[in-house]
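Here's the structure, in structure tokens; my notes come after.
The values are calculated or read from the model by the stated rules, or taken from the named source; none is laboratory data. Nothing here was measured: the structure is a model prediction, and the numbers come from that model. We work out accessible area using only protein heavy atoms, side chains counted, and drop any ligands, DNA or RNA first. Shrake-Rupley method; radii C 1.70, N 1.55, O 1.52, S 1.80 Å.
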Amino acid sequence: MTDMATKLVFVGEMGAGKTTAIRAISDMEPISTEMPISDEAALEALDGKSHTTVALDYSSIELGDGELLHVYGVPGQAYLDFMWPIVAEGAIGVIVLVSALNPRALPSTLTLLEQFRALAPEACFAVGVTCQDRQPDFHFGQFRDALAQGGYRLPVMWVDARESVQVDFLVKALLSCRYAEAVA
């Protein structure tokens with residue numbers, strides 16, 4: 001899709017904040033394929049979220065040196081996972097967003113990390129936990145420790161997908177890890 005050195009992919013289950021995060025950090029209005037959610041059970045589970053991505057989101061961010069970072073978001077629904085290898089090919093980084101409201105946050109995150117590590121073996125990874133303002137009982141330390149015990153040594157942090165400063169910090173943490181690996 002783009003030059004390997006400039007692609008970042010946001011992944012996560014439906015409602016994790018991928019589209020919102022991309023909107024928060026984009027230098028241009030993102031291209032989005034959001035459609036209304038018609039499944040009543042999904043609407044209820046997503047706490048009123050009314051739209052979901054059905055193909056992908058795309059935008060770009062100009063880095064300090066003038067290079068463009070191409071940012072993609074893939075749909076979280078399993079029946080749309082055929083998009084994942086197409087978008088993940090050549091990615092330098094993958095950010096897994098997980099909602100603190102998701103009762104299966106840990107297994108969901110582990111599954112996505114495993115799947116995308118296979119799809120983008122050269123990529124660095126980071127995890128952002130969203131919706132902490134609506135789930136104060138989420139055990140962040142245990143979540144982070146479980147990822148480390150699963151062999152995932154990567155940035156894991158709270159992030160409000162609506163706040164550009166927080167999403168930007170998560171992206172910079174991921175890119176810093178990539179740079180650290182390149183010079184090590």
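Ignoring ligands, DNA and RNA, what percent of the accessible area of the stretch 79-184 is carbon or sulfur (1.4 Å)?
Whole-percent figure for carbon plus sulfur exposure: 54.
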Expressed as a whole-number percentage, the relative contact order of the stretch 125-184 with C-alpha contacts under 8 angstrom and at least six residues apart is 41
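What's the extension gain from Asp145 to Met157 if we count 0.36 nm per residue and subtract their Cα-Cα distance? Mind showing how you got there, number by number?
Values: separation 12, 0.36 × 12 = 4.32 nm, distance 1.19 nm.
Stretched out fully, the Asp145 to Met157 stretch lengthens by 3.1 nm.
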Antiparallel bridge percentage (DSSP; both residues within the stretch 62-184; nearest 5):
10
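Given a 1.4 Å probe, how much area per residue of the stretch 65-122 is accessible, in Å²? Mind showing how you got there, number by number?
On the way: 2500 Å² over 58 residues.
With all protein chains present, the stretch 65-122 gives 43 Å² per residue.
Please work out how much length the chain gains when fully extended from Glu62 to Asp137, using 0.36 nm per residue of separation minus the C-alpha to C-alpha distance, in nm with one decimal. List each step's numbers first, then the result.
On the way: separation 75, 0.36 × 75 = 27.00 nm, distance 3.68 nm.
Gain on extension, Glu62 to Asp137, equals 23.3 nm.
For the stretch 97-173, what does the alpha-carbon gyration tensor say about shape, rounded, prolate or oblate, given a ≥ b ≥ c as the root eigenvalues, a/c under 1.5 as rounded, and a/b over b/c as prolate?
Details: a/c = 1.83, a/b = 1.21, b/c = 1.51.
Since a/c reaches 1.5 but b/c is at least a/b, the shape of the stretch 97-173 is classed as oblate.
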Show the residues, 5+ positions off or on another chain, whose built amide H is closer than 5 Å to the amide H of Trp158.
Val129
J(HN,Hα) series, the stretch 88-101, from Karplus relation 6.51 cos²θ - 1.76 cosθ + 1.60, nearest Hz, glycine and proline x:
6, 4, x, 5, 7, x, 10, 10, 8, 9, 9, 7, 5, 7
